[in-house]
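Here, each number is a calculation from the coordinates, and none is a lab measurement. No experiment lies behind these values; they were computed from the predicted model shown. All Cβ positions, even for glycine, are placed from backbone atoms using ideal geometry, and neighbour counts span all protein chains on display.
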Amino acid sequence: MARRSDPTRKPELLAQIIEYLRDQPLSAVTFRTLADALGVSPFTLVYHFGTRAELIADIIRAVGQRQQSVIDAELALEPSLDVHIQAIRDSWGGFLHPATRALLRLEFEAALLQVTDSDLEVGGRDVHDRWVEWGAEALERLGVQREAALVESRALVDQLYGVQFDLVVTGDEEAATAACDVMIDSYRRRIEALLPAAVA
């Protein structure tokens, strides 16, 4: 009789892998290095994750999940510009935690890895697209037209990536936060100009 697989084992392994990668490069991930670090056999990882590309994709999805709570929290509330701006500030506040910053570094690495590794079907583009669509949806709920909402959302996401990169590379929370505040204030003024008169 075949042994039944444990459905909790893969999530447990994935959590351990992400913890290990907090101070390890994603590009160097192999089943052998992870197996040695986690104290399991390479076969165990192959059994649960399949190929290296599938393993990397699972890592990227798990890292990206931290963002979904921010998105869900805003979209569950009545739409308002104040709520939208607060969601952006809450998102930035999350990046200031050292554990989240380590995941952010993984996100950047995953994005660049996808550009050069044709086997990776999930990566930075997926995370970027999800953020742009969230921003556009949030703005459309306020009454901003779709085309303008997409442009503004993409500009916001790209600027956020810039200050996130600043935070990861320099570690200067105060300076990066000051730059983020300037960016958010400018974004708010642009959105106010786009809102229907009844909302503005």
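The figures follow:
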read-out: Fluctuation leader among SER186, SER118, SER27 - the chain, Gaussian network, Cα springs under 10 angstrom; value: SER118
read-out: Estimated dipole of the chain in Debye, rounded to 20 [Cβ of Lys and Arg +1, of Asp and Glu -1, Cα centre]; value: 580
read-out: Highest to lowest packing among 52-61, 11-20, scored as the average C-beta count within 10 Å; value: 52-61, 11-20
read-out: Charge dipole (segment 114-200, unit charges on Cβ, about Cα centre) - positive-most of VAL144, ALA197, VAL168; value: ALA197
read-out: Share of alpha-carbon pairs per 5 Å distance bin for the chain, given as whole %; value: 1, 7, 14, 17, 16, 14, 11, 8, 5, 3, 2, 1, 0, 0
read-out: Relative packing of peptides 177-183, 160-166 - highest average C-beta neighbours within 10 Å first; value: 160-166, 177-183
read-out: Listed peptides 139-146, 38-45 by packing density, highest first (mean Cβ within 10 Å); value: 139-146, 38-45
read-out: FRET E, pair ASP6, ARG188, Förster distance 30 Å, beta-carbon r, rounded to 0.05; value: 0.05
